[in-house]
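Derivation of every value follows stated rules applied to the coordinates shown; laboratory data play no part. Small disclaimer: the values here were computed from a predicted structure and weren't measured. Counting neighbours? That spans all protein chains shown, and the Cβs are built from the backbone with ideal geometry, glycine included.
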Amino acid sequence: MVLSWTKTLIRWHSCPADTQLSRQSIRREAPHGLGARSPTGLTLRTGLWYRLVTMSMRPYTRALVIMPAWNEAESVGNTVREVLALQDSYDVLVVNDGSTDQTSAVATAAGAVVLELPFNLGVGGAMRAGFKYAKRNNYDAVIQVDADGQHHPKEISRVLAGLGEADISIGARFADRGSYKVSGPRRWAMVLLAKVISGLAHTRLTDVTSGFKAANARGIDQFIDHYPAEYLGDTIDSLVVAIRSGCRITQVPVEMRPRQGGTPSHNPIKSAIYLGRSVFALLFALTRRPSAQRYDQSPTVKA
Ligand SMILES: Nc1nc2c(ncn2[C@@H]2O[C@H](COP(=O)(O)OP(=O)(O)O)[C@@H](O)[C@H]2O)c(=O)[nH]1
Ligand SMILES: [Mg+2]
C-alpha cells in the first residue's frame, strides 16, 4: 500500500506543469480538518495526507509572505492572523515603512516578524528589503500580500502554485474569477499595458498592476538586483525588467476583496494619473538594457 501511495505521489509530482493548477484546485477542495479520500481510495486524517500531497506538489520548499505596510494598524493584525491560520504554513514578514501609527506593534502581536525601515521608502524599497531578507534566510519562494487584506490569504497557495511553470506568478483580477471591476480610461490603460506586456512575456496577462505576486529563487535573485524603488515601479516596470532579464511570467486567476480597514495610500484619481504615467514608464523600461546576468541561467535553481 505504501508503494502504491508513493507511486501516486510520484505520478502527481511529475505531471506536466500545466496540470499543476488543477491539481491545486483538487487539493483545495479537501475539507480541512476532516477525513479526505486519497487517490488510492483510503481515507486518512486530512492533516497527514494533506501535508504529504501538498509538499510533494509544491514547486518550492520554504515560502515567505512579504507584507509591505505603511500606516496599516487597523488591518495588518487581522491580515497576519489570517495568513498564519492557513493550513499551509508560511512565515510572515511585515516591512514597516516608517509608519507613524501602531503598525509595528500590531503586526508583532499578531505573530509576524517585523522589519523596520527607518523612513518611508515606498512599496518598491520595502519589497527589495523583503527579498533580501528572504534570500539571507534561505527561502526559495516569496509572495507579496498587501497588509490591508485586499489580497485574500486563501488565494496564496494558488498564486504560489503558478511557480510550477514560471519564475514569477501574478495573482490576477479580471481573469474569469471575482467581481473586481474598473471602468473608463483607467481600464483602457490597464488593458493596453496588459496587452503590451503579454506580448513581451509571450503569455496572456490580464492584470499587470497586481501587487499579489510570487517569485521563486530565480525571481528573488532578479528582484534583489533590479526591483524598481520608484513610485508604482513595483508593478509595470518590475515585470518588464524581469521579462527582459529572462524570467518567465505566468498569471493565476484570483478573487480579491475590498480593503479591510484603514485608508488607501492614494485615491482613485491619483491612481488613474499614475496609470497614465505607467504607459510612459513602460516606454522607458523598454529602452533599458536587459541585465547583463541572465536569470534564466541562474545556477541557484534547477532547470
Ligand atoms: N512599505 C510600504 N508599503 C506601502 C506604502 N504605500 C502603501 N503601502 C502598502 O501597500 C499595500 C497596498 O497599498 P494601498 O494603499 O492599499 O494601494 P492600492 O491597493 O493599490 O490602493 C498596503 O499593504 C499598504 O500598506 C509605502 O509607502 N511603503
Ligand atoms: Mg489596497
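Rank the residues Thr263, Thr287 as a footprinting-exposure proxy: fewest other Cβ atoms within 10 Å of their Cβ go first.
Fewest to most other Cβ atoms nearby, the residues stand as Thr287, Thr263.
Under the rule of at least 5 residues apart or a separate chain, name every residue whose amide H is placed under 5 Å from the amide H of Ala172.
Val252, Val254
Taking segment 63-287, how many lysine pairs are there with alpha carbons less than 18 Å apart, if each pair must be eight or more places apart or span two chains?
Lysine pairs meeting the criterion: 5.
Which net charge results for the neighbourhood of Glu72, defined as the other residues with beta-carbon distances under 10 angstrom from its beta-carbon, given Lys and Arg at +1 and Asp and Glu at -1?
It works out to a net charge of -4.
Per residue of segment 197-213, in order, report the coupling 6.51 cos²θ - 1.76 cosθ + 1.60 (Karplus, θ = phi - 60°) as ³J(HN,Hα) in whole Hz, putting x for Gly and Pro.
6, 4, x, 5, 8, 6, 7, 7, 10, 10, 9, 7, 9, 5, x, 7, 10
Taking every pair of alpha-carbon atoms in segment 64-143, what share in percent sits in each 5 Å bin, from 0 to the bin with the longest distance?
Pair shares across the bins are 3, 18, 29, 25, 18, 6, 1.
Neighbouring Cβ atoms within 10 Å as the yardstick, rank Trp49, Trp188, Trp70 fewest first.
Ranked by crowding around the Cβ, least crowded first: Trp188, Trp49, Trp70.
Only counting other Cβ atoms within 10 Å, I'd like Leu193, Leu160, Leu286 sorted with the fewest neighbours first.
Lowest to highest Cβ neighbour count: Leu286, Leu193, Leu160.
How far, in nm, would the chain grow between Val191 and Ile273 when pulled straight, counting 0.36 nm per residue and subtracting the alpha carbon separation?
Residue separation times 0.36 nm, minus the Cα-Cα distance, leaves 28.0 nm.
Mind jotting down the distance between the C-alpha centroids of segment 220-244 and segment 89-123, whole Å?
Taking the Cα centre of each part, segment 89-123 and segment 220-244 sit 22 Å apart.
Given +1 on the Cβ of Lys and Arg, -1 on the Cβ of Asp and Glu, and no further charges, what dipole in debye does segment 63-287 carry about its Cα centre, rounded to the nearest 20?
700 debye
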